[in-house]
Amino acid sequence: MIYLDNAATTKMFEGGADIYKKYACQSFFNPSAGYNKSIELAKELDGVRELIKRRLGTTKGSIIFTSGATESNNLAIIGSKRNGKWEYVFSLGEHPSVYNVARFLESQGHIVHFVGLTKNGQVDYEVLRRVVNDKTRLISVMHVSNETGAVNDLVKIGEIRKERCPQALLHVDGVQAFCKLPFNIEDFNADLYTISAHKFHGPKGVGVLYVKNPSGLKNIVYGGGQEGGYRSGTENVPCIMAMKYAIENIDVEKNYQYVKGLKDCFIENIEKADGVSYLQTESPYILSLSFSGVNGETLMRALQDKDIYVGVGSACSTKKAGNRVLESMGMNIDEIKSHIRVSFSEELKLDDIQKACHEIIDTYYTILEKVK
Ligand code: PMP
């Protein structure tokens, strides 16, 4: 198998599965109970919070464990909402777990602005500068686009916020960046940052919301008051500890360089083929391609018969939602229909990339012949 859909999810580390079993079957205690074994476990969770903050490049703020990025994004946005004159700003490139929350705010009568993307997939910074104002409560933008691999210039966005709306909170969906790109959160001063474990070889169903100043956040789940009251419900200790294992076993800088080599090799192999075009974006983990005259879904299905797996837009979005991002970049309907996404992991070898490119080109021309 050649798995090229690592932006949808990654294979969990085997060592993480062993850790999961340990915390599910041996150290299975409820971290909120009062006996020593539970108190020890609560301390271990605090250790994971510190580790995540260090990885983000900060000592400040709090880590809230959630059921994944969808919940973290909902908590960040709905939890920051205030009644009254406030306005909310989102990019049109956001994942449905942000975009659909924005639509929900709109349906509740809040003023919501959507900022389009430039043709390279980044937020249009000039439009952003124009729409924010002294009534802006929250700006929510993603770090890396799950559709295209475009990396937003968060330092620039942080500067726009500082200059035009210092009262606004900055939320960043960092799902495709954390444990993948080297960065320091203090460089852009995000108030809220979303992480999902299954995108970096951790388990599914666990995520994090980093909050610089928790007193500005309101809970959206009511219950026993775990996670400082911001997210009630017994913590998913086995998954949190398996996520910790993944974080500890990822060398961000080394993987970045290696995966960059994979993406370069992929481009070198595929760009020679007639009818194939690709988007030049900054993240080495994601590459968006168009195959002129062929439907991306048809290509994806034909490739699965050869045990090669690629994505067509976000696995967790409808086809229509996937179009929203590409449309905002000015792509026409034919380019969108013929689009596939390949996404890499450091577990791939150069051989896999060469073989995949060969098969993709071959499959593309075979389909093209048939549809002619
Ligand atoms: N944001 C982005 C940018 C994503 O790529 C994803 C996963 N496709 C999510 C949020 C949702 O993550 P989760 O599966 O943890 O809910």
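What to note about this one:
- Taking the listed residues Tyr23, Tyr35, the one that is aromatic (Phe, Trp, Tyr), free of Cβ contacts under 8 Å to residues at least 24 places away in the same chain, over 24 Å from Val211 (Cβ atoms) and away from the ligand (no atom under 16 Å from the Cβ) is Tyr35, with no other qualifying.
- Residue in the range 29-46 that is within 19 Å of the chain's Cα centre (by Cα) and open to solvent by less than 30 Å² (accessible area, probe 1.4 Å) present: no
- Within the range 349-372, being open to solvent by 100 Å² or more (accessible area, probe 1.4 Å), assigned to a helix (DSSP H, G or I) and either of a type in the set (Lys, Arg) or touching a helix residue (DSSP H, G or I) at 6+ places or on another chain (Cβ under 8 Å) (or both) holds for Lys355, His358, Lys370.
- When Val276, Val237 are checked against the criterion of being buried (at least 22 other Cβ atoms within 10 Å of the Cβ), at pLDDT 95 or above and either away from the ligand (no atom under 16 Å from the Cβ) or under 26 Å from Ile360 (Cα atoms) (or both), a single residue qualifies: Val237.
- Taken as a whole, the range 290-301 holds no residue that is open to solvent by 20 Å² or more (accessible area, probe 1.4 Å), assigned to a helix (DSSP H, G or I) and within 16 Å of the ligand (Cβ to nearest atom).
- Selection within the range 71-100 - within 19 Å of Gly116 (Cβ to Cβ), within 16 Å of the ligand (Cβ to nearest atom) and open to solvent by 10 Å² or more (accessible area, probe 1.4 Å): Leu92, His95, Pro96, Tyr99, Asn100
- Filter pass, Ile77 being of a type in the set (A, V, I, L, M, F, W, C) and over 27 Å from Ala246 (Cβ atoms): no
- The range 207-222 residues that are in a loop (DSSP other than H, G, I, E, B), paired with ones that are surrounded by fewer than 17 Cβ atoms within 10 Å (Cβ to Cβ) and hydrophobic (A, V, I, L, M, F, W, C) (beta carbon under 9 Å, 6 or more apart): Lys218/Ile78; Ile220/Ile78
The values are calculated or read from the model by the stated rules, or taken from the named source; none is laboratory data. If you're wondering where the values come from, they're calculated on a predicted model, not measured in any experiment. No Cβ is skipped: glycine too gets one built from the backbone with ideal geometry, and neighbour counts run over all protein chains shown. Areas reflect the complete protein model, heavy atoms only, side chains present, ligands, DNA and RNA absent. Shrake-Rupley method; radii C 1.70, N 1.55, O 1.52, S 1.80 Å.
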